[in-house]
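Encoded as structure tokens, the structure appears first; notes follow it.
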Amino acid sequence: MSDEIIRVSTGIDKLDAALQGGVPKGSWVAITGEPGTGKSILCMHYAWAGLKVGDPVIYVTTEAEFRDVVRQARQFRMFLDDYEIHYLGSKAPLRKPQLVVVDIFSLLKTAKQLSADVEEIDKSRRYAALEIDVLIAAIREAYRVLGLLEGGRHSPSRHVRLIIDSLSAFWADRPAMARRYSYQLKIATHRENVTAYLVSQYAMTTKSVSPGTPIIIREDGRVKSIPVDEWSSKFFSRGETGVKAIPYKAYTLSFDPIRKVIEWDEVLAVVKHFERRPLIKIVTEDGRGILVTEDHSIYAAHGNKYIPVKAGRLRAGDLLPIPKSSIIADSGNVEGEVDTVKISRISKVDFKGFVYDLSVQKNQNFLAGHKPLIAHNSTFGFGLEHIADGVIHLWTANVEEAKEVRRFLIIKKMRMTNHYEGAFRLYIVPGKGIELRPLGGAAAGI
């Protein structure tokens, strides 16, 4: 068996050079970043490069209609419609296609078919378009349409490029499931002959807490209460904003609304962004307090359940869950230690500055505020990076300071190959697409 690594071109010369010739064949590459950073254009380059060398392409699009993808690609002289395109779920193609499109209509048809298939077994089971099982079934059908499963094969008979833009749509309403769904997808569809681009949308959350808000962090075996901006400062340079994955194990106390207990939960990332709108100040009858953005959600008691309610919709008299114990030991969970307290007053406070949020793996909420309260967090998109073979991250500089849009790209990891570790300035050039210019002094040979 040869140890030679076969490279798959990204369609961008500078990026190929940074990867020592391209993405290692068979890799799953997460393309992460906020809206507007160039993730979808990166996917167009990858598809166009594949079609030109004869690789079949499966293009899953949940963010835009594919005709808009084609139109935008044409502006960059990437003529995807020069090739035979088949929309999954439409009439059987007369000729073998080179590109199979899986859009929301394809997923709807696949969901209906799966529901019909299980009707005799379980009439109550109805599949929805944006379920991971539906996506898996659609990809397998795309393999078949491309003629890659001859002779009862389960793996594609030759190399295929898979693009999913974006995967975040499949866990948007279930953010805590991101990692599980990512594993499920990889186990079901990852093959040696499949090299994938998987977009993970870091929709910049506006659900954030103010600087100075105390949070509880356990790292290196120690527990401390620390202002969120102070703890976050180690991940951001001065004035920098965006989403930063935590590069080591760190935990915070989080509320499980089903079991009604407080437990340690892993912090996957921290978010920092600029806010100029008034914040909501919540004060409880026992003197607890927190300052949050208006659309940040706080868990509130409704009957015997706890549900997240936007801060702007909370009212005096609403009940919030709080830890019964005033002392939080680092020995483990505070099982069962949940009580409620009434909100005494809510007010708006003028604000202009940076605000912060945490992405917490399981429960997607964290204890925050004075004493503290429980703040619900809705950041999503994390999880895919943990199972991806490579991560290419895109971001923009703080436009409030830069006074213009400045895009950047960095290869955060790529298994089976060394890669350039510096950042690139990313330009979107009419008639060309993405142009990368290396930053710093480590750019020799790039």
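Quick note: the coordinates plus some simple rules give every number you see, no bench work behind them. If you're wondering where the values come from, they're calculated on a predicted model, not measured in any experiment. Neighbour counts are summed over all protein chains in view; Cβ atoms, including those assigned to glycine, are modelled from backbone coordinates with ideal geometry.
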Ranked list, fewest to most other Cβ atoms within 10 Å of each Cβ, for His419, His393: His419, His393
query: What is the list of residues in segment 354-371 whose amide nitrogen lies under 15 Å from a point 7 angstrom out from the Cα of Arg259, following Cα to Cβ?
result: 361-365
- request: Just grab the label-to-label distance for Lys305 and Arg222, each label 7 Å out from Cα along the Cβ direction, in nm (one decimal).
  value: 4.2
Long-range amide H partners of Ile434 with built H, under 5 Å: Val429
Calculated from backbone phi, Karplus (6.51, -1.76, 1.60) coupling profile of segment 145-155 in Hz, x at Gly/Pro: 4, 6, x, 9, 10, 4, x, x, 5, 9, 10
message: Residue by residue through segment 417-426, what is 3J(HN,Hα) from phi via Karplus (6.51 cos²θ - 1.76 cosθ + 1.60, θ = phi - 60°)? Round to whole Hz and write x for glycine and proline.
response: 7, 6, 8, 5, 9, x, 8, 10, 7, 10
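If contacts are Cα pairs under 8 angstrom and at least 6 residues apart, what is the relative contact order of the chain in percent?
19
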task: Can you pull the one-decimal nm distance between simple spin-label points at Ala316 and Asp68, each 7 Å off the Cα toward Cβ?
output: 4.5
field: For segment 13-22, Karplus couplings with θ = phi - 60° (6.51, -1.76, 1.60), whole Hz, Gly/Pro x
entry: 4, 5, 6, 4, 5, 5, 9, 6, x, x
message: Using only DSSP helix segments of four residues or longer, with each worth -39500 (n - 2.57), what per-residue ellipticity at 222 nm results for the chain after dividing by its residue count and rounding to 500?
response: -5500 deg cm²/dmol
task: For Arg238 and Lys371, compute 0.36 nm times the residue count separating them, minus their Cα-Cα distance, and round to one decimal in nm.
output: 45.0 nm
task: Post the alpha-carbon centroid distance, segment 131-147 to segment 216-246, in whole angstrom.
output: 41
query: Ordered by packing density, taken as the mean number of other Cβ atoms within 10 Å over each peptide's residues, highest first, how do 210-219, 182-191 rank?
result: 210-219, 182-191
message: Compute, for segment 214-376, the length of the dipole vector about the Cα centre, with Cβ point charges of +1 (Lys, Arg) and -1 (Asp, Glu) only. Units Debye, rounded to 20.
response: 440
- prompt: Between Ala250 and Gln113, what length in nm is gained on full extension when 0.36 nm per residue of separation is reduced by their alpha carbon distance?
  reply: 45.0 nm
field: Helix 178-189 axis, angle to the chain major axis (alpha carbon atoms, nearest 10°)
entry: 20
- request: Starting with the highest mean, order 34-40, 305-311 by the number of other Cβ atoms within 10 Å, averaged over the residues of each peptide.
  value: 34-40, 305-311
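Hey, what's the Cα Rg ratio for the chain versus the globular rule of thumb, 2.2 N^0.38 Å?
1.06
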task: Starting from the amide H of Ile246, placed 1.01 Å from N in the peptide plane, find each other amide H under 5 Å away whose residue is 5 or more places distant or on another chain.
output: Ala269, Val270
message: Suppose R0 equals 22 Å. What FRET efficiency, 1/(1 + (r/R0)^6) with r the Cβ-Cβ distance, do Asp82 and Lys432 give to the nearest 0.05?
response: 0.80
field: Cβ charges +1 (Lys, Arg) and -1 (Asp, Glu), total dipole of the chain, debye
entry: 500
